[in-house]
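First the structure, in the form of structure tokens, and then the observations on it.
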Amino acid sequence: MPLRASDLLTLTREGLYCPLGDFHVDPTWPVPRALITHGHADHARAGHGRVLATPETLRIMAVRYGAEFCGTRQEAALGDPIRIGEVTVRFAPAGHVLGSAQIAIEREGVRVVVSGDYKRAPDPTCLPFEVVPCDVFITEATFGLPVFRHPDTRGEVRRLLESVRLFPERAHIVGAYALGKAQRVMALLREEGWDRPIHLHGAMEKLTELYKQEGVPLGDTPKVVAAERKDLHGAIVLCPPSAIQDLWSRKFPDPVTCFASGWMRVRARARQKGVELPLVISDHSDWPDLCRTIRETGAGEVWVTHGQEDALVHWCGTQGIRAKPLHLLGYGDDGEAEPAPEAGPGPDNGAGPEEAAA
Ligand SMILES: [Zn+2]
Ligand SMILES: [Zn+2]
């Protein structure tokens, strides 16, 4: 009997599961063996028995959860085939955050690719997305509506720098998620010629240090000292999104509140969060890139894990591609998934407050 995709991957209470290899991918509950696509808290959780991930993702998990975040760990080198049970797996870059990878699962010429979160836009802090031809492509759909078209990030960063020039007495407080988005904004600022210090909220410090150790040049990024906030005229300060409305940010000189997120495309959302300068910078694919990627993989079947699943499933149908929504619960708290307006810190997401969907 020929192998079916469902022999390679199926859905269990814990999430995506490979019966022939006896492992889960990005499980939302502790499992004996987990393969992890990237370090965001909705994909990488603590408490698994064995974890296979890229070296960068393993180090990110150790920073967030402590060295004992799992029983045993194994590094996956990008591109190398790894045999697990009756399948072969291979990790390929996803272009989402440092160390992020898609995971291809293969047997007898049938290949399923779990892409995790991904983007196609350039990002100086991680390797670019690589198209892996496959039979079944598993995709997110955070921005899976035709209205979502992300602008060029350089233009967004230039708007920030322009505002700093216009208001040299004010501090610019930029809300950005602590893993990936914050470091990408720093790297983009450097590319646009900002050579002064980029000041960091304490919650940004450890992961930024890790990025630097991994060879991402981010320049001088001092931690904000509480007593010195009032003196930071003309400074650029990065903090968790929740901190832009905090008392913490009000101590800076006449702060301009900014927020770097794909959701800043939606004006009502920026207003609701009290954001003065919205910056549309996303680590997820926009609608054209979701569609382009599905086409480029050549997949005859698509499963949509989370986000705006229905529109993407419908689009696949118009292209003659079979598709189904998985309605996976527990994904999407890496800061860009649709948060409920009143949402506080997510239940048991293992993350610090910087990742609460506030
Ligand atoms: Zn993510
Ligand atoms: Zn995610």
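Quick look at the numbers
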{"item": "Elements of type strands (runs of 3 or more DSSP E) in region 18-59, at least 1 residues being within 13 Å of ligand 2 (Cβ to nearest atom) and under 19 Å from GLY330 (Cα atoms)", "result": "23-25"}
{"item": "Failed item in (1) within 16 Å of ligand 2 (Cβ to nearest atom); (2) acidic (Asp, Glu); (3) modelled with pLDDT of 95 or more, with GLU276 passing the rest", "result": "(1)"}
{"item": "TYR65 away from ligand 2 (no atom under 15 Å from the Cβ), over 28 Å from GLU301 (Cα atoms) and of a type in the set (Ser, Thr, Tyr)", "result": "yes"}
{"item": "Filter result for ALA227 (part of a helix (DSSP H, G or I), small (Gly, Ala, Ser) and either touching a residue at least 24 places away in the same chain (Cβ under 8 Å) or crowded, with 22+ Cβ neighbours inside 10 Å (or both))", "result": "no"}
{"item": "Exclusive hit being at pLDDT 95 or above and touching a Lys or Arg at 6+ places or on another chain (Cβ under 6 Å), set CYS70, CYS134", "result": "CYS134"}
{"item": "Cross-chain or 6+ apart pairs with Cβ under 6 Å, region 27-50 first and over 17 Å from SER100 (Cβ atoms), then more than 16 Å from ligand 1 (Cβ to nearest atom) and of a type in the set (S, T, N, Q)", "result": "ARG50/THR72"}
{"item": "Those residues of region 85-107 which are touching a Ser or Thr at 6+ places or on another chain (Cβ under 7 Å), in a strand (DSSP E or B), crowded, with 24+ Cβ neighbours inside 10 Å and touching a residue at least 60 places away in the same chain (Cβ under 8 Å), in sequence order", "result": "ALA101, GLN102, ILE103"}
{"item": "Selection from region 312-323 of residues that are touching a residue at least 24 places away in the same chain (Cβ under 8 Å), over 21 Å from the mean Cα position of the chain (by Cα) and surrounded by 14 or more Cβ atoms within 10 Å (Cβ to Cβ)", "result": "TRP315, ILE321"}
{"item": "Any chance PHE23 is farther than 19 Å from LEU179 by Cβ, aromatic (Phe, Trp, Tyr), more than 15 Å from ligand 1 (Cβ to nearest atom) and in the same structural domain as GLU301 (by TED's automatic domain parsing)", "result": "yes"}
{"item": "Flag for CYS258 being modelled with pLDDT of 95 or more, surrounded by 21 or more Cβ atoms within 10 Å (Cβ to Cβ) and farther than 30 Å from PRO55 by Cβ", "result": "yes"}
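The values are calculated or read from the model by the stated rules, or taken from the named source; none is laboratory data. Please read these numbers as outputs of a predicted model, since none were measured by experiment. Using ideal geometry, Cβ is built from the backbone for each residue, glycine included, and neighbour counts are taken over all protein chains shown.
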